[in-house]
Amino acid sequence: MSELQINTTQNVKIKFNAAGGGERLLAFIIDGAIKIGYYLILNKIFGAFEGMDEWSQIGINTILSFPVMFYTLALESFFQGQTIGKRALKIRVVKIDGYQASLSDYVVRWFFRIVDVYIFGLGFFVMLFSKKTQRLGDMAAGTAVITLKDQVNISHTILENLRQDYKPTYPNVIKLSDNDARIIKDTFTTARLSKDYETLIKLRTKIIEVVGIKEVKQGTDIQFIDVILKDYNFYTQDM
């Protein structure tokens with residue numbers, strides 16, 4: 001399993017394990033089985049349309065095929081880089097520069113599936129020789145697939161620190177995504193342990209800008225970021 005190093009916007013390097021080719025292939029097989037199951041169900045339900053003329057059948061089949069055609073693109077976009085197969089294998093698509101992948105990134109990856117998957121499985125062989133286990137679509141989109149196994153989830157670690165009567169301070173933290181919160185947590189932990197106060201200041205400034213905080217109620221950078229992480233956990237733990 002190769003190691004993947006991501007540079008965050010605060011110039012802090014975070015290390016992840018890139019998902020192996022076997023994991024990605026198994027996730028692909030799971031997603032493929034779901035698509036096949038969908039077709040089998042359609043065949044049973046809409047078998048009555050076989051008596052229609054050829055053009056009507058083509059039109060109906062095309063429309064009903066949309067969920068399969070856009071399955072990967074739709075799920076990765078809605079579930080922050082995961083399909084059902086990826087979620088089952090605990091792997092996720094991320095940007096190499098530390099940002100959360102955007103819709104355009106997912107579109108590029110999805111478009112390149114034509115080459116990666118349907119032309120002799122070229123993408124799988126490219127992954128085997130890629131340092132970051134990337135297929136052509138990943139290289140074009142600037143993404144990689146990481147494994148989430150053996151990593152502590154942010155909500156688990158912070159949940160233990162929340163009191164029963166905890167009252168949040170910044171409701172705007174819901175503007176953050178899980179990926180944003182993870183990067184903040186990792187950067188915060190690294191900077192605090194190494195006493196990198198410059199990075200803590202930059203991180204605080206970035207959070208204020210992104211979340212849209214008008215008034216900071218904590219005296220130090222460490223106190224402020226700690227409250228941001230707790231507030232994020234408070235508002236998202238039941239979602």
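Show me, for the stretch 27-39, the HN-Hα J-couplings you get by feeding each phi into the Karplus relation (A = 6.51, B = -1.76, C = 1.60, θ = phi - 60°), rounded to Hz, glycine and proline as x.
4, 5, 5, 4, 5, x, 5, 5, 5, 5, x, 4, 5
For the pairs LYS131/LYS206; LYS90/LYS131; LYS95/LYS185, note any where the Cα-Cα span goes beyond 28 Å.
Pairs exceeding 28 Å: LYS131/LYS206.
No lab work stands behind these numbers, since they all come straight from the coordinates. Bear in mind the structure is a predicted one, so any value in this text is a computation, not a measurement.
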